[in-house]
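Readers should treat all values here as calculations from the given coordinates under stated rules, not as data from a laboratory. All figures in this text were calculated on a predicted structure; none of them were measured in a lab. Because the Cβ atoms are built from the backbone with ideal geometry, glycine has one as well, and the counts that use them run over all protein chains shown.
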Amino acid sequence: MTIDTLAFIGGGNMASAILGGLVRSGRKPADMLVLDPHDGTRERVQQEFGVTALGAPDASLSRAGLVLWAIKPQQFKQAAQACAPFVKGALHLSVMAGIRSDDMARLLGTERIVRSMPNTPALIGAGIAGLYARPAVSAGERQEAQALLAPTGSTLWVEREADLDAVTALSGSGPAYVFYFVEAMMAAAEQMGLSAEQGKTLAVATFAGAAELARRSPEPPSVLRERVTSKGGTTHAALTAMESAGMKDAFVAALRAAQHRAAELGDEFGR
């Protein structure tokens, strides 16, 4: 199936990443609407993508066969109440953290809801998005939701909605963890006599190369790690220091904190 008209509630970074991918893949700007209360955002999406931009919901939203929700969780309840009269017949795709589909269904008056958790590499077409569909969503509608996100990277379906909180912790927030380690490697580079820029070049290339090796290799990451780690060598010294500092346990605890916060967002802003 192909849904002709798309409406985006919110025109920020993630909506723009999806819009850009759709335009590049051949979707007509005339078939897309963006609703955003900020003048600057509306002007930007109009100029960049050639789409129609609205400052407030109106009957033109009723044309949309699919509505993509790309606003902050704390903005959802008010926006849903304003948009609901116009979009009850549409398929709804959410890229908001935390807001549960039960609350979306209640506020929007429809069961046809897909939730997704993408991440910021979607801005360059290198993201990954977890997806969950309510039972009322047809197989064709699942395909349409997946196709909408395809230009931003890869996708992964989960069968339990609660698993999206784990997806949020792992990949939704995950780019920040990589940037955090790159920052640490840049600081270490300076302490060891290199420049911060040299440290960044080495760190980014190392992360990119190691991730690609892990993606391509049939071996588990533990085996790849062991192959780099000679007993008594430099890598062994570094990993021993990390283990002594409790880094792995601290990192797992950090991800569990992110998972817990994702669940809290649904409690705070969906009801």
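Counting Lys and Arg as +1 and Asp and Glu as -1, each charge on the Cβ, what is the dipole of the stretch 168-261 about the Cα centre in debye, to the nearest 20? Don't skip to the end; give the middle numbers.
Working: 9 positive and 8 negative charges, 56 e Å.
It comes to approximately 280 debye.
For the stretch 48-55, what does the Karplus curve 6.51 cos²θ - 1.76 cosθ + 1.60, with θ = phi - 60°, yield as ³J(HN,Hα) per residue in whole Hz, taken in order and with x for Gly and Pro?
For the stretch 48-55, the Karplus-derived couplings read 6, 10, x, 8, 7, 10, 10, x Hz, x marking Gly and Pro.
Take the chain, connect every pair of alpha-carbon atoms lying under 10 Å apart with a spring to form a Gaussian network, then pick out the residue of Ala105, Ala188, Ala15 with the largest mean-square fluctuation.
Evaluated over the chain, the most mobile residue of the options is Ala188.
By the gyration tensor of its Cα atoms, with a ≥ b ≥ c the square roots of the eigenvalues, what is the shape of the stretch 1-144: rounded for a/c under 1.5, prolate for a/b over b/c, or oblate?
On the way: a/c = 1.34, a/b = 1.16, b/c = 1.16.
Rounded, because the longest to shortest axis ratio a/c is under 1.5.
Placing unit charges on C-beta atoms (Lys and Arg positive, Asp and Glu negative, everything else neutral), compute the dipole magnitude of the chain about its Cα centre in debye, rounded to 20.
Values: 26 positive and 27 negative charges, 68 e Å.
In total the dipole reaches around 320 debye.
Roughly how many Å is it from the Cα centre of the stretch 205-252 to that of the stretch 154-202, as a whole number?
Using only Cα atoms, the two centres lie 14 Å from each other.
Among bridges DSSP assigns within the chain, what percent are antiparallel (round to 5)?
Details: 4 of 27 bridges.
Here the antiparallel bridges make up roughly 15 percent for the chain.
Can you tell me which of 149-155, 250-256, 95-101 comes out highest on packing, and rank the rest after it, using the mean Cβ neighbours within 10 Å? Display every interim value, and only then the final one.
Values: 149-155: 19.3, 250-256: 12.1, 95-101: 23.6.
Ranked from most to least packed, the peptides come out as 95-101, 149-155, 250-256.
Per-residue HN-Hα couplings for the stretch 238-248, Karplus 6.51 cos²θ - 1.76 cosθ + 1.60 at θ = phi - 60°, whole Hz, x for Gly and Pro?
Here the 3J(HN,Hα) series is 5, 5, 5, 5, 5, 5, 4, 7, x, 5, 5 Hz.
Please figure out what share of the DSSP beta bridges in the stretch 6-160 is antiparallel and state it in percent, rounded to the nearest 5. Please report the intermediate quantities before stating the final value.
Numbers: 4 of 27 bridges.
Antiparallel bridges: around 15 percent, rounded to the nearest 5.
Could you rank the peptides 30-41, 220-231 by their average count of other C-beta atoms within 10 Å per residue, with the highest value first? Mind dumping the intermediate values first?
On the way: 30-41: 17.5, 220-231: 11.2.
In decreasing order of mean packing, 30-41, 220-231 become 30-41, 220-231.
For the ranges 74-81, 240-247, what's the packing order if you count other beta-carbon atoms within 10 Å of each residue, average per peptide, and put the highest first?
Numbers: 74-81: 16.2, 240-247: 10.6.
Top to bottom by mean Cβ count within 10 Å: 74-81, 240-247.
Positive end of the dipole of the chain, charges at C-beta (+1 Lys, Arg; -1 Asp, Glu), about the Cα centre: which of Ala90, Ser171, Gln259 has its Cα farthest in that direction?
Ala90
What does the helix-only formula give at 222 nm for the chain: each DSSP H stretch with n ≥ 4 adding -39500 (n - 2.57), the total divided by the residues, and the result rounded to the nearest 500 deg cm²/dmol? Write out the running numbers ahead of the final one.
Values: 11 runs with 143 residues, N = 271.
Computed mean residue ellipticity for the chain: -16500 deg cm²/dmol.
Provide the per-residue ³J(HN,Hα) series for the stretch 126-138, in order, calculated from phi with Karplus coefficients 6.51, -1.76, 1.60 and θ = phi - 60°, each as a whole number of Hz, with x at glycine and proline positions.
Running phi through 6.51 cos²θ - 1.76 cosθ + 1.60 with θ = phi - 60° gives 10, x, 9, 10, x, 9, 9, 10, 5, x, 6, 7, 6 Hz.
Any idea what the relative contact order of the stretch 95-183 is, in percent, if you count C-alpha pairs under 8 Å spaced at least 6 apart? Please list the in-between numbers first.
Working: 122 pairs, mean separation 26.3, N = 89.
Once normalised by length, the contact order is 30 percent.
Once you've got the GNM for the chain with C-alpha springs shorter than 10 Å, pick whichever of Ala129, Ala208, Ala166 has the biggest mean-square fluctuation.
Comparing Ala129, Ala208, Ala166 in the GNM, the peak value goes to Ala208.
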